[in-house]
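Presented below is the structure to which this report refers.
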Amino acid sequence: MVRAVDAATATELQARGGLIRRDLVWITAKNRATGAPESIGLWNGADHVDISVVSGETGATVTRPYYGMGGLQNVPAIPLVSDLTVRKITISFSQLDPAILKAVREYDPRHAPVEVHRLYLNRETRLPIAPAVPRFLGFVNTTPIERPKANSEGSIRLEVVSHTRVLTRKVPAKKSDEYQRQRGGDRFYKFTDVSGQWEIAWGEKSGPIG
């Protein structure tokens, strides 16, 4: 997803003093105990704060709580493209941060929606120029946890794929016998609905043949 910055931010970006850039990550995962979706935000700022962002889902401006204090270690460079290419990025978090530990252990992060935003702060006031804009929308693909070496800090890395991946999934209707028969009477999926009920005996006969 590519989103142009607003006029105020564009003006500040061209100013001699420049701006401070911050990355924000918003994860919506399933609570393992209740099954309900719950969200958690982290950013590479110094404090736990409420930040206004442009929702990647609705386009509306919303205010969300984001945890700082070093939990978010790295968001890689994100290629901004206008086509439907499926992109992958790997986001790194501190293994010692309680917020991300809650996200991957108390919640089930598999296929969890993820939004990555970019926030611009005025270098003098340290205040946001405008609501943070979305830079990447996707889903968690894998959540490897790196074990730290002696006297070192491990990390939790989320591999996230862009939302365009859903366009590569086969529509369930196309896996049905009814749909397949439209292709010149093709019966490839003829037994799809009942094959799961078959009992197959391995290594011996299950009854008379014929």
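The values are calculated or read from the model by the stated rules, or taken from the named source; none is laboratory data. It should be emphasised that the depicted structure is a prediction, and the values quoted were computed from it without experimental measurement. With ideal geometry, Cβ positions are generated from the backbone for all residues, glycine too; neighbour counts draw on all protein chains shown. Surface areas here come from the heavy atoms of the whole protein model, side chains and all, with no ligands, DNA or RNA. Shrake-Rupley method; radii C 1.70, N 1.55, O 1.52, S 1.80 Å.
Could you sort 125-131, 102-108, 156-162 so that the peptide with the highest average Cβ count within 10 Å comes first and the rest follow in order?
Highest to lowest by the protection proxy: 156-162, 102-108, 125-131.
Quick one: Karplus J couplings for region 95-101, per residue in order, coefficients 6.51, -1.76, 1.60, θ = phi - 60°, nearest Hz, x for Gly and Pro?
Going residue by residue, I get 6, 8, 7, x, 5, 6, 4 Hz, with x marking Gly and Pro.
Give me the accessible area per residue for region 67-150, probe 1.4 Å, as a whole number in Å².
Counting only protein heavy atoms, the per-residue value for region 67-150 is 55 Å².
Give the accessible area for residue 63 in Å² (nearest 10); use a 1.4 Å probe, count only protein heavy atoms, and leave out ligands, DNA and RNA.
Per-residue accessible area (residue 63): approximately 90 Å².
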